[in-house]
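Comments concern the structure below.
Read-outs throughout are calculated quantities, based only on the coordinates presented, and are distinct from any laboratory measurement. Keep in mind that what you see is a predicted model, and the values were worked out from it rather than measured. Cβ sites come from the backbone with ideal geometry, for glycine too, and all protein chains shown count toward neighbours.
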Amino acid sequence: MKPAGCLIGVLILLALPACGRDVRVGSKAFTESVILSEMVRLKGSTEATPVLHRKGLGGTQFLWQGLVWGDIDAYPDYTGTIEQTILTDVTFPADPEARFAAMRSALAEYDVEITAPLGFYNTYAIGMREEVAEELGIESISDLANHPDLAFGFSPEFMKRDDGWPGVKRHYQLPQGGSQVRDIDHTLAYEALTQGERGEIQAMDLYSTDPKIQKYNLRVLADDRQFFPDYSAVFLYRKDLEPRAPQLVQAINDLAGEIDQSEMIELNALVELDRREEAAAAATLLGVDAPSSSLVRRLIRYTIEHLFLVVTSLAMAICVAIPLGIVAAKRPRFEKPIMVTAEIIQTIPALALLVVLMLALGRLGDVLQALHLERLPTIGPLPAIVALFMYSLLPILRNTHAGITGIPSNLRESAEAIGLSPWAQLKQIELPMASRLILAGIKTTAVINVGYATLGGLISAGGYGQPIIQGLYKLDFGVMMEGALPAAIMAVLVKSLFEWSELIVVPKGLRLKPAH
């Protein structure tokens, strides 16, 4: 038991940095949001209080829950999004000043502050290729009703939001629906729009500051019935941030009124068209030196983070799955409940499991907070490690059970005949004979974990998933390969390492002989 106890202690110590309370800004999974958060990181970081940027975390509700739960301290958003997606139970007055005051008051109930508008707006819009729109005579959203055969491709968030497709369809009484309206990643929608004579889709959702509107020569359809609300850019931040990081709060508020529409479009173009880093684009507007990070340094950081996710989750699974496999093999009445539970966990889609774990950690955090204890993080390494641990259980558990139950009965009878206790039988006969099968289960799990760990990039857990996710939303193959290629190499190395470790772990007489 001592090795297991030491291992658990080490894991707790390793997890402490992930649960610490540092200063964090977040951003949504699109370029503009990342650039804005990089601005406040560059302006608000000090030696005493460095600011961590959790990039590309997902959609509005993801960021909002992270802000309320304290996993992030600030993030950029838009007034229309706040009205339509966050403060859905608030009735806002028509007057713009009274409307903004009502928004500030409603956010204060969540202990959240809002800055004055940053100076530009980024409204939703619907766009088509110029030549297709011209051919069909489509200039406004209303005109789409005259072409019920057109196919649309909208981003997942736009498909679900009431100020997105559901509201547009209802407000404009558009006939398109069913398979004509596809849920598609925003970056990939541009490619679908421009493929072939008329494209795989004929219309998509746009952001008004998107430089790709010009690049792909798109026509922004007029919102002739004025459906979309005002989407002025703002920053939201926690009320308790000012005493902890006053310079960051000052940097956030200093951006108010400082970025106009054309400047934001140019910054987006630097990243999406010129392939510059978001931090470099942010530094351009701020007039500071652009931070640089070499490929080698990035790969070292990603590798350390990825190994942390894989090794920690695998070690936890070994400590739990092997004992459970032994119990399942030795106590038949426990076999079915243990195996079925592990199998059910394995069938849960990875993304769904991450979301469930984040919600569970959030609710647990509410309980801990009520007890005046520190919340557990719902964003970062912890939920990713827990998810990987849960996925690791079944292969190790199943192989442990199979290895022990597969031992010939005559060997068990001989062990009993010479007076070996059950513990001695397990230690001296059963585990050594099952070791090759157990090690095979661990090897399989380790290789799978290397791949699954890349999903941690969706919740800023670090590792190779970070460049993969960033490359996906920027449609930058080179950035994606910074994570995909090392992950593949690591999987091969891990497999080779476990094959070599068989020479140490598995008794000589039980090792597989190489084929001639």
By how many nm would the segment from Val68 to Gln226 grow when fully extended, if each residue of separation counts as 0.36 nm and the alpha-carbon distance is taken off?
53.7 nm
About the Cα centre, and with charges only on the beta carbon of Lys, Arg (+1) and Asp, Glu (-1), how big is the dipole of segment 124-220? Nearest 20 debye, please.
220 debye
Extreme residue, positive dipole direction of the chain, given options Gly127, Gly462, Tyr207 (C-beta unit charges):
Gly462
Between Glu502 and Leu420, what's the calculated FRET efficiency when r is the beta-carbon distance and R0 is 30 Å? Round to 0.05.
0.70
Computed about the Cα centre, the charge dipole of the chain from +1 Lys/Arg and -1 Asp/Glu charges at the Cβ has a magnitude in debye, to the nearest 20, of 3420 debye
Would you be so kind as to identify which of Ser232, Ile322, Leu376 lies farthest towards the positive end of the dipole of segment 218-377, taking Lys and Arg as +1 and Asp and Glu as -1 on Cβ and the Cα centre as origin?
Ile322
Which of the lysines could be linked to Lys495 by a straight reach, that is with a Cα gap under 23 Å, when you skip same-chain ones fewer than 8 residues away?
Lys443, Lys508, Lys513
Label-reachable residues, segment 456-489, where backbone N falls under 11 Å from a point 7 Å from Gln61's Cα toward its Cβ
none
Along each principal axis of its Cα atoms, how long is the chain end to end? Whole angstroms, biggest number first, please.
90, 56, 45
Calculate the FRET efficiency for Gln173 and Asp240 from the Cβ-Cβ distance with a Förster distance of 60 Å, rounded to the nearest 0.05.
0.85
Positive end of the charge dipole of the chain (Lys, Arg +1 and Asp, Glu -1 on Cβ, about the Cα centre): tell me which of Ser392, Ala417, Leu267 has its Cα farthest that way.
Ala417
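Å³ per residue of the Cα convex hull, for segment 382-516? It would help to have the intermediate numbers written out before the result.
Working: hull volume 17.6 nm³, N = 135.
Output value, Cα hull per residue: 131 Å³.
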The chain: calculated mean residue ellipticity at 222 nm from DSSP helix runs of at least 4, using -39500 (n - 2.57):
-18000 deg cm²/dmol
Sites Val340 and Ala48, calculated FRET efficiency, Cβ-Cβ separation with R0 45 Å, nearest 0.05
0.30
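Just to confirm a number: summing +1 for Lys and Arg and -1 for Asp and Glu over residues other than Arg219 whose beta-carbon lies under 10 angstrom from that of Arg219, what do you get? Please report the intermediate quantities before stating the final value.
Working: positive: Arg129; negative: Glu130, Glu131, Glu134, Glu139.
Charge balance in the 10 Å sphere: -3.
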How high is the relative contact order of segment 295-510? Use alpha-carbon pairs under 8 Å, at least six apart in sequence, and give a whole percent.
26 percent
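So how many Å³ per residue does the convex hull of the Cα atoms of segment 295-510 work out to? Present the calculation step by step, with values, prior to reporting the outcome.
On the way: hull volume 32.5 nm³, N = 216.
Spread over its residues, the Cα hull of segment 295-510 gives 151 Å³ apiece.
Going by a ≥ b ≥ c, the root eigenvalues of the Cα gyration tensor, does segment 197-250 fall in the rounded group (a/c under 1.5), the prolate group (a/b larger than b/c) or the oblate group?
Working: a/c = 3.99, a/b = 2.52, b/c = 1.58.
Prolate is the answer for segment 197-250, as a/c is 1.5 or above and a/b outweighs b/c.
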